[in-house]
1. Search the structure for amide H atoms under 5 Å from the amide H of Val32, placed 1.01 Å from N in the peptide plane, and list their residues when 5 or more places away or on another chain.
2. Report which label in [x] 50, 50, 37; [y] 62, 36, 29; [z] 54, 40, 34 holds the value of Cα extents along the principal axes in Å derived from the coordinates of this structure.
3. Can you work out the Karplus-derived ³J(HN,Hα) for every residue in the stretch 40-47? Use 6.51 cos²θ - 1.76 cosθ + 1.60 with θ = phi - 60°, whole Hz, and x for glycine or proline.
4. So how do Leu170, Leu116 line up by other beta-carbon neighbours within 10 Å, fewest first?
5. Can you give the helix-only mean residue ellipticity at 222 nm for the chain, where every DSSP H stretch with n ≥ 4 adds -39500 (n - 2.57) and the sum goes over all residues, rounded to the nearest 500 deg cm²/dmol?
6. For a quick check: with amide H placed at 1.01 Å from N, whose amide H comes under 5 Å from Ser183's, ignoring anything fewer than 5 positions away on the same chain?
7. Pull up all non-local amide H partners of Asn211: gap of 5 or more, or a different chain, and H-to-H distance under 5 Å with H placed in the peptide plane.
8. What is the gain in length, in nm to one decimal, between Tyr188 and Trp212 on full extension, counting 0.36 nm per residue of separation less the C-alpha to C-alpha distance?
Amino acid sequence: MRKILVSNDDGIDSPGLKRLVEVAKKHGEVWVVAPVKQFSAKSHSATFWEPVDVWPFDYPVEGVHAYVTSGTPSDCVSIGLTAIVPGGPDVVFCGINCGFNIASDIQYSATVGAALEASNHHIHTIAFSESHEGTHEVTDKYIEQLAEELIDKPLGRNEIWNVNFPGCSLEECKGIRYDTVVSQDDFYAGGYDIVAKDGDKISYMVNFDRNWDGTEGTDLKAIIDNYVSVGKVKNYS
């Protein structure tokens, strides 16, 4: 039976993780190794100079082997495939991330960072993400289909499948756009806002003003146009 390792960056209690685990169960034996807390925007960060704690977790999906760690999402995948899953997994699923992983978001994403860690170990990997706003209708409609299509679909060395679901209604969704490339368009138009001052100390908070204008054929443009975006992301050349 195929062994599937499932992880994320939103933490072990994330509803998106549970939904992905339920999809993964239809394709094999599922092992969950996920962080104890939120690690969004931590990219591919890893823990090298201190121990990572790992302990069993009573996961609310029957038949799933689950562990939680003090480490980053990248740690979770690395520990999972080398020390937790007997013989290592055949496939890694990451997500379902709360928020798109498209365009320049990819360089920050710890969901994609965890997926790329798996690709470093030559494991077939799919990252799933959706809008943090709107409904889950499109995700729920297409995720099983795409898991079935992509779980054995070939990837190059150090590549992952990157799937993003728009937050529109099912009626507004135009379908799936395959072979999208990572947008090189400027995605962030914002900067930082001052949120507090204490003498000479100023506290800044990033704002998330975005440039919703993408080039045809990109992941950004697909999401703008209410398509599911399916494409490859390469770790390094």
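Values quoted throughout were computed directly from the atomic coordinates according to the rules given, and no laboratory measurement underlies them. Small disclaimer: the values here were computed from a predicted structure and weren't measured. Note: ideal-geometry Cβ built from the backbone for every residue, glycine included; neighbour counts use all protein chains shown.
1. Val6, His65, Ala66, Tyr67
2. Identified label for the calculated read-out: [x].
3. 4, 6, 9, 6, 9, 4, 9, 9
4. Going from least to most buried by this count: Leu170, Leu116.
5. -6000 deg cm²/dmol
6. Sorted by chain and number, the residues that satisfy this are Ala103, Asp219, Leu220.
7. Result for Asn211 returns Tyr188, Ala189.
8. Additional length available on full extension: 7.8 nm.
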